[in-house]
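The values are calculated or read from the model by the stated rules, or taken from the named source; none is laboratory data. Everything numeric here is computed off the predicted structure, so don't read it as measured data. Every residue, glycine among them, receives a Cβ derived from its backbone with ideal geometry; neighbour counts consider all protein chains shown.
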Amino acid sequence: MKPEKARLVLAGLKEAGVNFAAGVPDAQFIQVYRMVAADPDIRYVGTANEAEAAGVAMGAWFGGMRPALIIATSGLLVATYHLARINLLHEVPLLIVIPYRGDLGDPRWMGLYQKTTEPALKAMDIPYRVVTRSADIARTIKDCQESARAWLRCAAVLLTEEALW
Amino acid sequence: MVTRFALLKELASIIPDDILIVASIGNNSGFWGQIKDRESNLLHVTMGMCSATALGLALALPDRRVIALDADGNLTLNLGVLGTVANESPKNLTIIVMDNGNYLGSHKDEPGMPTATGGKMNLEGVGRQCGIASSSTVQDVESFRDKVQSALSRPGPHLIDARIEALDSDRPARAKRIADPRQNKYQFANYIEKAAGVQIIGGGLGNFG
C-alpha cells in the first residue's frame, strides 16, 4: 500500500472528526494503523481481537469521543456478535473502516471475504459504501461518519484494492 | 461463600454518586438496576464486552472513575482485554468480576455448566500476569469493601475477582422496571453530556455535524 493512499484514509478520518480508534492491525493496511497510532489528534487502542475493539469503541462513544473501528474483513467476522448488539440493540454509531480484500480486482485470492463481508453487514443492518476510487476515500469516510451520527447506528466504509493499492 | 446480592448492596453503600458503572448483562445489571438506579449506570453490556466498554469509557473520560461490573463468563469470552487494560493502564478504571464459576447459574435453580474459573483458572493470577499489578481476590463482604475503597483511592487499573456463590440464593425484589438498552443509552449519554460537558448524541436527523 502506498503511503499517499494511507494518507487519504487518515485525512478522511480527520475530516470526519474521528479522535479515537480501535482495532487489530491488518497486514495489508498497516500503514494506516501506523499513521493513526502516531497521530496526536487520535487516541488509538490496539486490542487483542476485533470484538474487544468494538466494545472499546462503544465505551469511548459514551465518553464523548468520535470513534472509528478499523478492522480487516476477517475481523468483521470476529466482531459480528458485538457489532450486532451495538447496532441493533444499543443503537450506538460506530464508523467502521475495512480494507476490502477479496473484491474483484484484488490480486490476492481472498474469496472467502468477498462472500462474507457484505452479507454480514446486511445481516447486521449496517449501511455501507464500497469505495473503488482513491478520490472518493476521504469524502466517503466523512459521509458515513455524519450519517452514523445522525442516524445513531453504525456505518461501514469498504476500501477496495482499486482504491488503496 | 458470599452472594452477588450481598456484595452489590455493599458496593451501593460505599461508592460516590459520580462513579460510572458499566454492568454486564444478566443479574449484574438486573440486581444493580434495582439496588442503585442512577443515571450514571451503563447496563446490559453483553458477553465479552463489559470490561472493554469500561476501558473505552475510562480512556475517554480520564477525570472520571469507572467501574466495570463484570462477570467470569463475560470476561473470559474476551480475556485479552486484560492485556489491553494493562498496556493502556487507565488510572481511573476498576474491574470487579462477580465470579460465580458457572454459566447461567444465576438464572436457574441449580448451577449451570462451569466456566474456566469454576475449574483451574485463577483470575487474580491471570490479571497480574497480564500486567495489572493491582489484582486481588475477595470472598467476603469485608474484604470486598476494603479492596473497592482502596481501588477508588489509588491509581489503577485494578482487578478485583469477587468469588461468589454459584446461585443467587438471595436477590432484590423486583420493585421497578430496568431500563432497556436504548432507554439506558439515552439516560447515560445525557448524564455524561451534562456532567462532562461533551456532545454524544449528536445533532439528530437532518442536522449533520
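Structure data summary
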| quantity | calculated |
| --- | --- |
| Residue tally, condition more than 20 Å from B:Val198 (Cβ to Cβ) and in contact with a Pro (Cβ under 6 Å, 6 or more places away or on another chain), over the range B:30-63 | 4 |
| Filter result for the condition that a residue is surrounded by fewer than 19 Cβ atoms within 10 Å (Cβ to Cβ) and either within 11 Å of the chain's Cα centre (by Cα) or over 22 Å from B:Arg64 (Cβ atoms) (or both), over A:Ala72, A:Ala48, A:Ala79, A:Ala54 | A:Ala48 |
| Any hit, the range B:35-57, residues being under 15 Å from B:Gly156 (Cα atoms) and without any contact (Cβ under 8 Å) to a residue 24 or more places away in the chain | yes |
| Residue in the range A:141-154 that is farthest from the other protein chains (Cβ to nearest Cβ), counting only those that are on the phi < 0 side of the Ramachandran plot and surrounded by fewer than 24 Cβ atoms within 10 Å (Cβ to Cβ) | A:Arg153 |
| Residue list for the range A:136-152, filter: out of contact with any strand residue (DSSP E or B) (no Cβ under 6 Å at 6 or more places or on another chain) and modelled with pLDDT of 95 or more | A:Asp136, A:Ala138, A:Arg139, A:Lys142, A:Asp143 |
| Hits in the range A:23-60 - residues which are under 22 Å from B:Val198 (Cα atoms) and either within 7 Å of chain B (Cβ to nearest Cβ) or among the hydroxyl-bearing types (Ser, Thr, Tyr) (or both) | A:Arg43, A:Tyr44, A:Val45, A:Gly55, A:Val56, A:Ala57, A:Met58, A:Gly59, A:Ala60 |
| Members of the range A:32-44 that are over 14 Å from the mean Cα position of the chain (by Cα) and not in a helix (DSSP H, G or I) | A:Asp39, A:Pro40, A:Asp41, A:Ile42, A:Arg43 |
| Residue list for the range B:20-36, restricted to those being farther than 16 Å from A:His90 by Cα and within 14 Å of chain A (Cβ to nearest Cβ) | B:Leu20, B:Ile21 |
| Members of the range A:7-31 found to be touching a residue at least 40 places away in the same chain (Cβ under 8 Å) and assigned to a helix (DSSP H, G or I), listed by number | A:Leu8, A:Val9, A:Ala11, A:Gly12, A:Leu13, A:Glu15, A:Gln28, A:Phe29 |
| Test set (1) closer than 27 Å to A:Thr80 by Cβ; (2) within 8 Å of chain A (Cβ to nearest Cβ) - B:Leu61 fails condition number | (1) |
| Residue in the range A:68-75 that is β-branched (Val, Ile, Thr) and within 12 Å of chain B (Cβ to nearest Cβ) present | no |
| Matching helices (runs of 4 or more DSSP H) fully within the range B:94-209 where at least 3 residues are within 14 Å of another protein chain (Cβ to nearest Cβ) and surrounded by 20 or more Cβ atoms within 10 Å (Cβ to Cβ) | B:181-196 |
| Residue list for the range B:68-89, filter: part of a loop (DSSP other than H, G, I, E, B), surrounded by 22 or more Cβ atoms within 10 Å (Cβ to Cβ) and touching a residue at least 40 places away in the same chain (Cβ under 8 Å) | none |
| Sole residue being small (Gly, Ala, Ser), under 10 Å from the mean Cα position of the chain (by Cα), modelled with pLDDT of 95 or more and assigned to a helix (DSSP H, G or I), chosen from B:Ala54, B:Ala12 | B:Ala54 |
| Meets criteria (surrounded by fewer than 24 Cβ atoms within 10 Å (Cβ to Cβ), assigned to a loop (DSSP other than H, G, I, E, B), more than 14 Å from chain A (Cβ to nearest Cβ) and over 14 Å from the mean Cα position of the chain (by Cα)) for B:Glu39 | no |
